[in-house]
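Colleague: Sharing a structure below in structure tokens format, with a few things to ask.
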Amino acid sequence: MYKPQAKPDFNIPEIVSQFSTPLIIYSINELNRKITELKSVIPAGSQLLYSVKANPMPFVINLLKHAGLGFEVASAGELHQLIKLKVCPERIVLGGPIKSKEAIASGLQNNILSYNVESEQDLLNIMRAANLPLNISLRINPDFSNRSSEIKMGGISSQFGIDENQLIPLIRKYRNVVNINGLFMFAGSQFFDAQKIIQNTSFLIEFAEKHKDEFNQLDFLDFGGGFGIVESANQPGLNMSMLKSGLDDLFESKEQFLDTIKYKFFESGRYLTASSAILVSRVLDIKYSKGKKYILLDTGINHLGIRQLDLRTRESFISTVKEYHEHSPAILTGATCTPIDVIQSENDFPDVAIDDLVLIHNVGAYTATLSPYNFCGYTYPAEVSVNARGDVSLIRERGDIKKSSGPGYK
Ligand SMILES: Cc1ncc(COP(=O)(O)O)c(C=O)c1O
């Protein structure tokens with residue numbers, strides 16, 4: 001059943017008349033609201049790192065920088081982006097399952113805060129490149145499985161981190177050669193059960209306390225996060241007040257130990273940025289084929305990427321600008337020439353007309369960077385931001401289709 005979404009607090013047709021479609025509109029209000037909310041949920045004495053992979057747009061990074069967040073990067077490219085935007089290197093942690101030579105060299109050159117190391121080889125690569133005393137945290141893949149996250153990255157067999165039973169032997173092998181002074185865990189993304197995030201945090205604190213004497217000095221604990229965002233009607237949403245009180249209680253009960261740890265981090269990408277952006281598209285065609293209705297939009301797989309493949313199976317966050325009395329089952333597709341360009345499988349949808357506007361919500365995370373913009377000779381949409389006064393600024397011009405085979409080709 002189609003459920004209308006909350007209306008954004010800016011005038012979409014007016015903005016579209018200036019910038020056309022497809023268009024991504026960022027709400028600075030919404031981004032600030034999420035930053036304030038998540039900062040207030042993590043316990044006093046801990047800090048929030050933004051995962052740049054969710055959305056590396058300069059506009060987003062600058063806002064988070066001014067809000068005082070740190071940053072978690074997973075490649076030389078992300079690190080370069082932060083340095084270019086004058087983020088203080090002391091607020092940057094370099095992660096990623098196996099770091100490239102370029103990423104390590106850039107981390108060293110810029111003197112970033114620390115490295116989240118995911119394997120012995122990853123550690124050796126850093127050690128070979130550096131003879132400086134660096135801050136190294138080891139990423140643990142715990143034995144216990146936390147099955148409630150939709151995207152699992154720990155407690156299962158995976159390419160991420162170091163299995164719990166291999167971690168202490170690794171510390172013993174290298175602790176006199178390199179400064180291993182932290183632990184990191186990222187069990188997964190899209191947790192909707194606050195208790196699971198609390199349990200993950202508790203696990204890392206207890207593991208660290210039990211094994212603290214294995215370290216020359218333990219300075220860093222990075223608890224990860226996985227703060228879930230609602231993307232479809234059947235997802236429950238994370239109870240932030242339950243999360244806050246659970247984390248506060250946990251930190252209070254472990255105060256004495258945690259006071260000895262200089263840096264206590266939580267990480268988040270999607271919770272901070274996803275809801276801040278909507279993609280505005282236009283209806284290009286409405287047609288019927290073998291008993292089914294199709295609504296073709298001027299956006300699709302080329303702008304929604306992997307996220308869109310997910311949405312096909314969900315009751316997605318799609319709405320309209322106008323209100324409609326009549327609804328009927330329809331399939332929403334993009335305009336690119338592939339059968340996988342389905343935005344929403346058959347679902348009750350307003351009876352829109354050609355040229356009407358359709359909004360796809362929650363595109364502020366893992367959308368632009370996971371999209372095959374150049375597919376079929378298309379390019380990326382224009383992007384604008386709207387501030388609290390309703391002022392609209394262009395933050396990225398629409399791509400140039402003459403370069404849509406990708407820059408750099410001869
Ligand atoms: C190590 C690490 N930290 C943080 C994140 C951000 O996750 P989310 O955007 O779900 O908050 C990810 C996502 O893959 C990750 O791999």
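Throughout, read-outs are computed from the coordinates displayed, never taken from laboratory work. These figures come from a predicted structure and were not determined experimentally. Glycine also receives a Cβ, built like all others from the backbone with ideal geometry; neighbour counts cover every protein chain displayed.
Colleague: Compute the distance from the alpha-carbon center of the range 302-373 to that of the range 188-221, in whole Å.
Modeller: Centre-to-centre (Cα) distance: 39 Å.
Colleague: Using only the alpha-carbon atoms of the range 185-341, report the extent along each of the three principal axes, biggest first, to the nearest angstrom.
Modeller: 69, 31, 24
Colleague: Quote the relative contact order of the chain in percent (integer), defining contacts as alpha-carbon pairs under 8 Å separated by 6+ residues.
Modeller: Numbers: 845 pairs, mean separation 77.7, N = 410.
Normalised by residue count, the contact order of the chain is 19 percent.
Colleague: Past 25 Å, Cα to Cα: identify those pairs from 7/402; 53/101; 34/196; 86/264, in the order given.
Modeller: Result: 7/402 exceed 25 Å.
Colleague: What do you get for Rg/Rh of the chain when both radii come from the Cα atoms and Rh is the Kirkwood radius? Walk me through the numbers before you get to the answer.
Modeller: On the way: Rg = 22.8 Å, Rh = 22.7 Å.
So for the chain, dividing Rg by the Kirkwood Rh gives 1.00.
Colleague: Oh, and also: Just order 275-281, 249-255 by mean Cβ neighbour count inside 10 Å, highest at the front, would you?
Modeller: Descending packing order for the listed peptides: 275-281, 249-255.
Colleague: At most 11 other Cβ atoms within 10 Å and a DSSP loop assignment: could you name the trypsin sites (Lys or Arg not before Pro) in the range 52-137 that fit?
Modeller: Hits after loop and neighbour filter: 86.
Colleague: Sticking with this one: Two decimals, Cα atoms only, Kirkwood Rh: what is Rg/Rh over the range 139-239? Present the calculation step by step, with values, prior to reporting the outcome.
Modeller: Details: Rg = 14.9 Å, Rh = 14.4 Å.
The Rg/Rh ratio comes out at 1.04.
Colleague: Please state, rounded to one decimal and in Å, the Kirkwood hydrodynamic radius that the range 68-146 gives when every pair of distinct Cα atoms enters the mean of 1/r.
Modeller: Evaluated over the range 68-146, this radius sits at 12.8 Å.
Colleague: In whole angstrom, how far apart do the alpha carbon centroids of the range 70-147 and the range 1-62 sit?
Modeller: What the calculation gives is 27 Å, centre to centre.
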